[in-house]
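What follows is calculated from the coordinates using simple rules that are stated; it is not laboratory data. Everything numeric in this text was worked out from a predicted model, so none of it was measured. Note that each Cβ is placed from the backbone with ideal geometry, even for glycine, and that neighbours are counted across all protein chains shown.
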Amino acid sequence: MEKGHQLYEGKAKKVFATDDPDLVIVSYKDDATAFNGLKKGTITGKGVINNKMTNHLMQKLEIAGIPTHYVKQLSDRETVVKKVSIVPLEVIIRNISAGSFAKRYGVEEGIVFEHPTIEFSYKNDDLGDPLLNTYHALALKLATQEEIDLIKKYAFAVNDYLKTFMKGIGIDLVDFKLEFGKTTDGQIVLADEISPDTCRLWDDQTHEKLDKDRFRRDLGGAEEAYEEVMRRLMGE
Ligand code: UDP
């Protein structure tokens, strides 16, 4: 596998070409941003943890029947994934009220829902990722009805799997964001990452936050929180 030129640099990852047109290499950075890039910082060691955690979980999700972009981990920070065009929808599943949900609907954080919720936002930094429904997504031609149906099915299946998995390591899965991509042969697969950057993870006993809210809300101890999740997940 030859690493080629840089195709793209995002807020938390870089993407490189390879000698195979259907594969790319993602490289995870320690850079942290919040509030649509307004707040910037570093969480030392985050890139390594997010890379390993994402790969660990994506391999488990594949076995559970959810197709993903994961191919092979190359190093602590680098992974080969299928080249996809990202569906410009951020898919958010919630099990417990927090963050923008609590703010938008004027409720406290920590309300455990009887049924998980799903919402979509338009992945567009210039517009601040506005919330939209599936009719809006169709009108904007962001995906087809079939693709949206599949994305919903996969997102809830990811939640079923992850919620149980996290509970097993003493973590309540509060909410998370997924992104899906379309491979060169048109298959919808889970892409991007699953990490403390993209999930809210609360210790199920102490309710301590073990995720990026430590950075967003200046709570301190972000590095330690990411390391704690990693330790529980993989014993490292
Ligand atoms: N999230 C994310 N990227 C985003 C927005 C949200 O990974 O651009 C994740 C976030 O970490 C949380 C979940 O999606 O686990 C729900 O986030 P919310 O809508 O509450 O927004 P926030 O409060 O983070 O602005």
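Would you mind estimating how fast the range 159-218 diffuses translationally, via Stokes-Einstein at 10 °C and 1.306 mPa s with the Kirkwood radius over Cα pairs, in µm²/s? Translational D for this selection: 125 µm²/s. Normalised by the number of residues in the chain, what is the relative contact order in percent for Cα pairs under 8 Å and 6+ residues apart? 18 percent.
When the chain is treated as a GNM with alpha-carbon contacts under 10 Å, the residue of Val158, Val112, Val87 showing the greatest mean-square fluctuation is Val112.
Counting other C-beta atoms within 10 Å, which of Glu109, Glu146 has the fewest, and how do the rest follow?
Values: Glu109 16, Glu146 9.
Fewest to most other Cβ atoms nearby, the residues stand as Glu146, Glu109.
The 3J(HN,Hα) values that the Karplus relation (6.51, -1.76, 1.60; θ = phi - 60°) gives for the range 42-57 are, in residue order, 10, 10, 4, x, 4, x, 5, 5, 5, 4, 5, 5, 4, 5, 4, 6 Hz. Gly and Pro appear as x. For a distance above 23 Å, tell me the whole-number percent of Cα pairs in the range 95-236 that qualify. Beyond 23 Å sits 41 percent of the P(r) for the range 95-236. For the range 16-61, compute Rh as the Kirkwood radius over C-alpha pairs and then the Stokes-Einstein diffusion coefficient at 20 °C and 1.002 mPa s; write the answer in µm²/s, rounded to an integer. Value of D from the Cα-based Kirkwood radius: 171 µm²/s. Partners of Lys83 within straight-line reach, counting lysines whose Cα lies under 17 Å from its Cα and excluding those fewer than 8 residues away in the same chain: Lys3, Lys13, Lys14, Lys72, Lys182. The trypsin sites (Lys or Arg not before Pro) of the range 117-187 that DSSP puts in a loop, and whose beta carbon has at most 12 other beta carbons within 10 Å, are Lys141.
Relative to one another, the C-alpha centroids of the range 169-196 and the range 36-60 are positioned 13 Å apart. Under the convention that each Lys and Arg Cβ holds +1 and each Asp and Glu Cβ holds -1, the size of the dipole of the range 6-118 around its Cα centre is about 260 debye.
State the extension gain, in nm to one decimal, for the chain segment bounded by Glu224 and Glu9, taking 0.36 nm per residue of separation less the distance between their alpha-carbons.
Numbers: separation 215, 0.36 × 215 = 77.40 nm, distance 2.63 nm.
Length gained between Glu224 and Glu9: 74.8 nm.
Can you compute the charge dipole magnitude of the chain about its Cα centre, using +1 on each Lys and Arg Cβ and -1 on each Asp and Glu Cβ, nothing else charged? Give it in debye, rounded to the nearest 20.
On the way: 33 positive and 40 negative charges, 38 e Å.
Computed charge dipole of the chain: roughly 180 debye.
Each principal axis of the Cα cloud of the range 59-170 was taken in turn, and the coordinate range along them, longest first, works out to 44, 40, 27 Å.
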